[in-house]
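These notes are about the structure you will find just below.
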Amino acid sequence: MIPADLVVANLAEIATLDRGPIPRTGRALSELGRIPDGALAVRAGRVVWVGPRRRLGGSVRLLPGGHRIDGAGGVLVPGFVDAHTHAVFAGDRAFELPLKIAGAQYSEIARAGGGLFATVRATRRASDRELLVAAQARLRRMAAYGTTSVEVKSGYALDHDGELRLLRLLPRLARRSGVGIVPTYLGAHAVPPEFARRPDAYVDRIVRRTLPEVAREGLARFCDVFCEPGFFTAPQSERILRAAATLGLGTKIHADEFVLSGGARLAARLGVRSADHLLATSARDRTLLARAGVTAVLLPLTAFAAAPRRASPGREMVDAGVPVALGTDCSPNSWVESMPLVLAHAVHGGRLTPAEALSAATVNAAHASGLASAGRLRPGLPADFAIFDVPSTDHLGYRFDAIPTGVYRQGKSISPP
Ligand code: ZN
């Protein structure tokens with residue numbers, strides 16, 4: 001008998017996501033490892049047993065003082081991994097929305113005091129405490145929607161000390177929120193005003209000064225670059241990503257969000273861990289990404305929030321054999337905290353099936369974030385899971401606003417009671 005300190009039973013089904021290659025592509029994206037009428041047992045934060053409920057009694061012994069959770073006929077899935085966020089920032093940009101929906105150009109919004117640099121000004125001014133309080137509230141809401149791990153990028157300071165400060169806040173943010181954080185250095189989010197006419201000097205600063213310090217202090221797992229006209233060119237992006245890889249960091253790229261700018265091609269050539277956004281990719285680029293095994297992180301609500309609205313190319317990516325993952329892209333530009341909402345948009349707009357979207361939001365998002373033990377449920381792995389009051393996993397992606405009844409990370413509840 002396997003001793004356990006937590007048992008979950010009375011579930012319509014469990015999706016373990018524990019079958020198939022990582023990352024998933026093609027048909028394997030639909031293989032959820034479903035266990036009808038399943039049960040799960042946990043000890044000391046790790047899964048110790050998962051299987052059909054009829055075998056629970058003969059396999060698992062609940063230790064004295066242990067807890068039994070009634071799944072109430074719902075479904076249990078691995079906690080979502082949000083593979084792309086800019087969750088540490090100060091202020092908001094609600095005021096610019098009327099301009100955006102009226103069709104204002106980015107330059108007009110910037111002249112009205114909005115845009116990315118408005119957030120940079122607010123973030124530079126904010127104290128550590130202000131940034132932590134705001135980000136903690138965001139991550140707790142993400143947890144309430146079923147997210148147990150989240151990738152968080154720096155990128156709203158855009159100077160050496162400020163970027164390091166944002167990254168140094170992340171371990172504290174993880175402890176306070178209960179959500180696991182994968183830190184990413186995104187000093188190349190935009191060229192800061194101080195380097196307005198000297199973008200190469202800013203790239204120099206990143207490569208020679210900030211990146212080595214980020215690596216030395218172990219502040220980030222990944223380095224990311226915003227490769228897009230008006231931000232960083234493909235050669236500048238390549239220089240930064242190569243320097244990061246040499247220092248032992250993983251690499252990611254914001255690629256081809258607005259126009260085809262060579263970002264996906266660069267991603268394939270460098271073999272980065274993920275290429276993100278990809279709204280403007282060509283069929284040829286999708287083939288290159290598939291061949292290189294680069295995971296496409298799709299951000300369907302950013303596409304939806306853009307003017308004009310667009311759909312994330314989910315079906316096209318899956319059909320081309322690209323591994324797809326999902327993220328909220330939570331930022332002041334598209335403020336999204338709910339992964340169930342992201343799944344629904346990936347299905348209704350990006351034309352993934354609910355099963356594909358669930359794989360993209362768990363096992364593949366974990367892969368895109370460098371988390372080898374997240375996004376799946378099997379004995380030995382952390383007990384990160386969410387319980388939803390729905391009759392089957394197909395209701396995730398079908399319903400727009402599913403809210404979990406319980407969310408657990410390493411066997412402990414992290415959602416509000
Ligand atoms: Zn982003």
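The values are calculated or read from the model by the stated rules, or taken from the named source; none is laboratory data. Values in this document were obtained by computation on a predicted structure and should not be read as measured data. Reconstructed Cβ throughout: ideal geometry from the backbone, glycine too, with neighbour counts over all protein chains shown. Note: areas computed on protein heavy atoms with side chains; ligands, DNA, RNA excluded. Shrake-Rupley method; radii C 1.70, N 1.55, O 1.52, S 1.80 Å.
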task = Hey, can you find the accessible area per residue of the range 80-368 for me, probe 1.4 Å, expressed in square angstrom?
result = 36 Å²
request  = Would you work out what percent of the accessible area of the range 80-368, with all protein chains in place, is carbon or sulfur (probe 1.4 Å)?
outcome  = 53 percent
task = List the residues whose amide H sits under 5 Å from the amide H of Leu158, counting only those 5 or more places along or on another chain, with H placed 1.01 Å from N in the peptide plane.
result = Glu163
task = With a/c under 1.5 counting as rounded, go ahead and sort the range 80-368 into rounded, prolate or oblate using the C-alpha gyration tensor (a ≥ b ≥ c being the square roots of the eigenvalues; past the cut-off, prolate if a/b is larger than b/c, else oblate).
result = rounded
query = Restricting the count to DSSP beta bridges whose residues both fall in the chain, what percent are antiparallel, rounded to a multiple of 5?
reply = 40 percent
query = With charges set only on the Cβ (+1 for Lys and Arg, -1 for Asp and Glu), what does the dipole of the chain come to about its Cα centre, in debye to the nearest 20?
reply = 760 debye
inquiry  = Once you keep just the Cα pairs under 8 angstrom separated by 6 or more residues, what percentage relative contact order results for the chain?
reply    = 22 percent
remark   = If every Lys and Arg gets +1 and every Asp and Glu gets -1 at its Cβ, then about the Cα centre the range 209-287 yields a dipole, in debye to the nearest 20, of 300 debye
